[in-house]
Amino acid sequence: MQKFDLAIPTLPSRSVTDTVAFYQQFGFDGKLRGVGNSYAILTRGTLEFHFFTHRDLRPAESCAGCYFRVVDADSAYEVFRAAGLPEKGIPRLDPIEDKPWGMREFALVDRDGNLIRIGQVL
């Protein structure tokens with residue numbers, strides 16, 4: 001039984017099946033749900049997020065995103081970097097760096113334009 005509060009981000013996807021395949025390259029497990037696989041639950045360790053089908057989504061216009069706070073941002077970054085994503089365009093992986101707000105973080109923009117920030121407290 002869960003003994004803490006938990007927020008789970010729910011993000012749009014043009015194709016939930018394609019989104020699951022995209023995130024599997026980073027070690028996420030995906031479970032398709034809903035009529036016609038219109039919903040997915042993705043997990044990697046204690047990280048979890050959900051995706052719903054939004055067929056009219058325009059990735060370059062998306063303003064959806066979430067933040068994952070992790071224990072070791074450098075290790076997480078290496079997992080994402082191994083996929084060989086570019087540093088520009090959609091999808092992309094931004095470099096890891098220490099931010100002035102006290103976090104060491106990087107950002108992933110997925111194929112649907114969702115901004116996923118991943119960081120640890122410095």
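The values are calculated or read from the model by the stated rules, or taken from the named source; none is laboratory data. Every value quoted in this text rests on a predicted model; they were computed, and no experiment measured them. Cβ coordinates were reconstructed from backbone atoms using ideal geometry, including for glycine residues, and neighbour counts include every protein chain displayed. Accessible surface is based on the protein model in full, side chains and every heavy atom, while ligands, DNA and RNA are left aside. Shrake-Rupley method; radii C 1.70, N 1.55, O 1.52, S 1.80 Å.
Restricting segment 58-68 to residues that are open to solvent by 60 Å² or more (accessible area, probe 1.4 Å), of a type outside the set (A, V, I, L, M) and within 17 Å of LEU93 (Cα to Cα), the residue that is farthest from the chain's Cα centre (by Cα) is CYS63.
Considering the conditions (1) of a type outside the set (A, V, I, L, M); (2) surrounded by 13 or more Cβ atoms within 10 Å (Cβ to Cβ); (3) in contact with a strand residue (DSSP E or B) (Cβ under 7 Å, 6 or more places away or on another chain), ASP72 is excluded by exactly one of them, (2). For segment 22-57, a residue qualifies if it is outside any strand (DSSP E or B) and open to solvent by less than 60 Å² (accessible area, probe 1.4 Å), and the qualifying residues are PHE22, TYR23, PHE26, GLY27, PHE28, GLY34, SER38, LEU57.
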